[in-house]
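For reference, the structure is listed below as structure tokens.
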Amino acid sequence: MATRGSVAAAASTIWKHRRNPSLRSLSRHFNPNFNHRIIPTGFKYQVRAIQGTSTDPVVTPLKNREEPKPQNWKIKMLYDGDCPLCMREVNMLMERNEKHGTIKFVDISSNDYSPEDNQGLDYKTVMGQIHAIQSDGNVVKGVEAFRRLYEEVGLGWVYTVTKFEPIGKLADVVYDVWAKYRLQVTGRPSIEAILEARKKDKVETCGESKDCKI
């Protein structure tokens, strides 16, 4: 209810602003190209000013941000780029990794994802729970994967408590429940429906080619 109230208040303010000639003229006085635009939530955007033209916001979805590709990575994070809640954490780790350069990010939802390049981990397996691959080829998953990833960007203290029992086991149980129901929680189709859609997309894209794999 608080969110609806905030939206209503913002809408009322914008409406009054547009109807008030003095406020509108004052805005144009400072910026002749002033315009009212509502930017959707869930997006990051940049405002780019070009001399002689109007100032338009460039809207960029969180998933499409440029992923850092360190040459000497220590751990590889396999993440679901179609998961809106997951992407909040992924983007936070990407920002932290700009300083450390120790994590390589791999979006399993990309058509270019290759199990062969990632210890044979196929899309369905990685969709079941978070997986990470260390530079020596060792695969970790679940809470342990998060613990290793956070340690690489200087946030190891966040998961330190999960090293001790019974807290570690409890954390695993909580994460397993989240992983099992995250598709429903985020309003997405079942894994079976997603796999079928990906298969259909592959057929339409690849035709009879045998090189395309799900």
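The values are calculated or read from the model by the stated rules, or taken from the named source; none is laboratory data. Note that this is a predicted model, so its numbers are computed, not measured. With ideal geometry, Cβ positions are generated from the backbone for all residues, glycine too; neighbour counts draw on all protein chains shown. With ligands, DNA and RNA removed, areas are computed over all heavy atoms of the protein, side chains included. Shrake-Rupley method; radii C 1.70, N 1.55, O 1.52, S 1.80 Å.
Data for the structure
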| read-out | value |
| --- | --- |
| Long-range tail of P(r) for the range 147-187 (Cα pairs > 17 Å, %) | 46 |
| Accessible carbon and sulfur surface of the range 127-196 relative to its total accessible area, %, 1.4 Å | 61 |
| Given charges at Cβ of Lys, Arg, Asp, Glu: the range 76-214 dipole, positive-most of Met127, Phe164, Tyr181 | Phe164 |
| Local net charge near Tyr175, Cβ-Cβ under 15 Å (Lys/Arg +1, Asp/Glu -1) | +2 |
| Greater than 27 Å apart at Cα, pairs in Lys74/Lys163; Lys76/Lys199; Lys169/Lys202; Lys104/Lys202 | Lys169/Lys202 |
| Solvent exposure, largest accessible area first (probe 1.4 Å, DNA, RNA and ligands not counted), of Val90, Val173 | Val173, Val90 |
| Surface accessible to a 1.4 Å probe, per residue, for the residues of the range 152-194, Å² | 67 |
| Built amide H within the under 5 Å cut-off of Asp82, gap 5+ | Ser109 |
| Three principal axis lengths of the range 113-183 [C-alpha, angstrom, descending] | 35, 29, 17 |
